[in-house]
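Take a look at the structure set out below.
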Amino acid sequence: VQFDPITYLRWAKGNHSTPAAVDLASSGMASRSLEDLNPRPEGLQLTAPNFYGLPALHEAIAEHHGVQADEVLITAGSSMANFLATMSLTRPGDTVLVEAPAYEPLQRLPALFGCSVAPIPRSESDGWALDPTTLGEQVQRSGATLAIITNPHNPSGVFLDAGRVQALHAACADHACTLLVDEVYAEFHPHDAAAIGGLVQERLVRTSSLTKVLGFGPLRLGWALASAERIAHMHALNDYAMVMHGSINELLGLEVWRERERFVDEARRRGDFNGDIVRRFLSSRDDLDWVDPKHGILGFLQVQGTPDTQVLADHLLHEYGVVVVPGAHFGRPDSIRIGFGASADMVRKGLQSLGRALDEGKR
Ligand SMILES: Cc1ncc(COP(=O)(O)O)c(C=O)c1O
């Protein structure tokens, strides 16, 4: 297989090996520890029914989303759900549409399966939204069999409501194209989980995980929601990758799920509180613009008069110990992506340093 390395992930993993003093790059809540589970689960066991995932976790995920258990596939994070969905939905030579700017792995995935990729342009001048009519026309013109989007959008954090997602899905389905929606940040936004895609439908696959909002990425637990036929096909592909699931992960995942309301609530409150800090900072600067994502902990800042923010990002890291993601990783070098899921003090400190670096002319 011919493939290109995912430069963003190389960059992100390299960064984590020498943690920055101020992290404005991470896109999720900081990893929690076992002590955050209260009470700490007793009687964890190595062996549990786990060839296809723990039934109780399966059912809990299905119930939360208002779907049947056979419409859920438990995976090693949403990364694996996206991988299996793309593999299941493509054949070599297909055209796959992927939003741009995008989380790089989503743009690169289709090439692994011999597909070509065309961008679905998203722009700040439209509030990073997606227009169903435009998407439908693009699907028809290109003959694409799969279209991939994130909701909320990484990097901008902008959320499309259930009606919009349903219209995008209909626009794809009308031309025999499947819509894959990565919803890994969705719980930051108040919404009805069962309404977002209109339950499970043909030609719609939704993916998510315990990583970004709940803060349990190290459990490597995610899922795909799709029609029972699609899930069965993905199960068969999964047999090549995972003979069995990690029972300890899934037993812990079930404990997390039982307390998910608390974790979601904390994450939303953190996002809303820190979001106001970012808003106040941005209102004091005329050299930074964003589309306000309203909720969540992600923001994509356009830096005026800066065609490439790499110099700014390097300066922030080396002079101030602050890490932000250069927009080049999303195909938009004039921007930086910030994550504001850290403590309010950290976020203030990071933004203060960003202001200083810009005032010093590091652009
Ligand atoms: C849009 C998107 N999808 C998936 C992932 C990976 O998440 P997981 O830990 O669920 O594999 C990320 C991580 O940055 C992401 O931004």
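Please treat every number below as a calculation from the coordinates, not as lab data. Only a predicted model underlies this, so the values are computations on that prediction, with no experimental measurement involved. Every residue, glycine as well, gets a Cβ built from its backbone with ideal geometry; the counts of neighbours run over all protein chains shown.
Annotations for the structure displayed:
- Every residue from segment 96-110 that is part of a loop (DSSP other than H, G, I, E, B) and either near the ligand (Cβ under 9 Å from one of its atoms) or polar (S, T, N, Q) (or both): Ala102, Tyr103
- Evaluation of Gly305 against (1) free of Cβ contacts under 8 Å to residues at least 60 places away in the same chain; (2) within 21 Å of Pro152 (Cβ to Cβ); (3) not in a helix (DSSP H, G or I) (one fails), failing number: (2)
- Only listed residue being buried (at least 24 other Cβ atoms within 10 Å of the Cβ), within 15 Å of the chain's Cα centre (by Cα) and touching a residue at least 60 places away in the same chain (Cβ under 8 Å), chosen from Gly217, Gly157: Gly157
Quick grid of which residues meet (1) within 29 Å of Gly93 (Cβ to Cβ); (2) within 15 Å of the ligand (Cβ to nearest atom); (3) polar (S, T, N, Q):
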position: Glu124; (1), (2), (3): no, no, no
position: Pro132; (1), (2), (3): yes, no, no
position: Arg141; (1), (2), (3): yes, no, no
position: Ile149; (1), (2), (3): yes, yes, no
position: Arg164; (1), (2), (3): no, no, no
position: Leu180; (1), (2), (3): yes, yes, no
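- Complete set of residues in segment 236-259 that are buried (at least 17 other Cβ atoms within 10 Å of the Cβ) and over 18 Å from Ala48 (Cα atoms): Asn238
- Filtering segment 66-95 to residues that are away from the ligand (no atom under 16 Å from the Cβ) and either within 30 Å of Tyr8 (Cα to Cα) or within 19 Å of the chain's Cα centre (by Cα) (or both) leaves Ser88, Leu89, Thr90, Arg91, Pro92, Gly93, Asp94, Thr95.
- Pick from segment 202-259, criterion in contact with a Gly (Cβ under 8 Å, 6 or more places away or on another chain) and assigned to a helix (DSSP H, G or I), ranking: farthest from the ligand (Cβ to nearest atom): Glu250
- Each residue in segment 160-177 was checked for being farther than 30 Å from Ile338 by Cα and surrounded by fewer than 24 Cβ atoms within 10 Å (Cβ to Cβ), and 6 pass.
- Looking at Gly321, Gly341, Gly350, Gly355, just one residue is of a type outside the set (Phe, Trp, Tyr) and either over 19 Å from Ala21 (Cα atoms) or touching a Gly at 6+ places or on another chain (Cβ under 8 Å) (or both), and that residue is Gly341.
- Within segment 44-61, tally of residues that are away from the ligand (no atom under 16 Å from the Cβ) and either free of Cβ contacts under 8 Å to residues at least 12 places away in the same chain or not aliphatic (A, V, I, L, M) (or both): 9
- In segment 260-281 there is no residue that is over 18 Å from Ala344 (Cα atoms) and more than 21 Å from the chain's Cα centre (by Cα).
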